[in-house]
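Peer 1: Here it is, the structure, as structure tokens.
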Amino acid sequence: MGKEEIVEKAKNIRDELVVSSHFCKYNEIDKNLGVIPPFIGKEEIKLIIIGQDPTVKNEVSREKIKTTLNLDKGGALKNYIEAICKKLGFSLNNVYATNIFKYFYSQPPAKTMCVLYEHLFKNLELLKEEIANSPNAIIVTLGEPVLQLLTTESKEVKKYWGYSKNGKETKCDKTAFKQCTNNKLGRTFYVLPHQPSISREFYKNNLDAYLGYIKICENL
């Protein structure tokens, strides 16, 4: 499935949901902005990155978004993705990055999860078609809302990172690292925080260890 076909299917899904959704009053779909295509590396795809949607808080900035996760331009998010790739032994040329929802909402929808759950089915079917193009690629998700939408296991990112709390001290039990195996994608994936959360002490201190865990699991 090529980029143009993905965009066309996503546009059709968006337009159908505008008409049929019962929850649009909570957070309307914005048809004034286009559908955002995936980022597709120029070499063999070894890493699939799944985000939520392109609706950033700054409405003016939304018009400048042309590619999933803004990977066509510099910035903190691209730096984060590049750091992940480097640790795993890949480059951006090995990355396929896409969102579950490829269109914009009126406001960032993480606080209106009822909308996302209602809109998930058709978008999930398209996502499954996309990732089927790279059956051997490693899959990672970004952020807790994405995890909540896809998992049938624990819905907290930190639980996949061996989080434990002993009194006031936060600890990481590296022997408790895990993948998400029971999920709606039908493929195992690894769970990462989105870029803003990586500044939190727990995630910042344990990112390399979790990426090392991925390398061991995938024989990289």
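Peer 1: With the checklist (1) modelled with pLDDT under 95; (2) on the phi > 0 side of the Ramachandran plot in hand, flag the one item K155 doesn't pass.
Peer 2: (2)
Peer 1: Looking at (1) in contact (Cβ under 8 Å) with a residue 12 or more places away in the chain; (2) in a helix (DSSP H, G or I), find the lone condition where D53 falls short.
Peer 2: Result: D53 fails condition (2) only.
Peer 1: For the stretch 94-114, does any single residue satisfy the condition of being over 20 Å from N183 (Cβ atoms), crowded, with 17+ Cβ neighbours inside 10 Å and touching a Gly at 6+ places or on another chain (Cβ under 6 Å)?
Peer 2: Yes, because at least one residue in the stretch 94-114 is over 20 Å from N183 (Cβ atoms), crowded, with 17+ Cβ neighbours inside 10 Å and touching a Gly at 6+ places or on another chain (Cβ under 6 Å).
Peer 1: Which residue, of K86, K64, K73, K78, is among the charged types (D, E, K, R) and under 24 Å from K9 (Cα atoms)?
Peer 2: K64
Peer 1: Tell me which of these S91 doesn't satisfy, since it passes every other one: (1) surrounded by fewer than 18 Cβ atoms within 10 Å (Cβ to Cβ); (2) within 30 Å of H22 (Cβ to Cβ); (3) modelled with pLDDT of 95 or more.
Peer 2: (2)
Peer 1: Which residues, taken from the stretch 56-94, are touching a residue at least 24 places away in the same chain (Cβ under 8 Å), closer than 27 Å to Y105 by Cβ and in a loop (DSSP other than H, G, I, E, B)?
Peer 2: Those that are touching a residue at least 24 places away in the same chain (Cβ under 8 Å), closer than 27 Å to Y105 by Cβ and in a loop (DSSP other than H, G, I, E, B): V56, K57, E63, I65, K66, T67, L71, D72.
Peer 1: While we're on this one: Restricting attention to the stretch 95-111, which residues are within 17 Å of the chain's Cα centre (by Cα) and in a loop (DSSP other than H, G, I, E, B)?
Peer 2: I100, F101, K102, Y103, P108
The values are calculated or read from the model by the stated rules, or taken from the named source; none is laboratory data. A quick note: this is a predicted structure, and the numbers were derived from the prediction, not measured. Methodologically, a virtual Cβ is constructed for each residue, glycine included, from the backbone with ideal geometry; neighbour enumeration extends over all protein chains shown.
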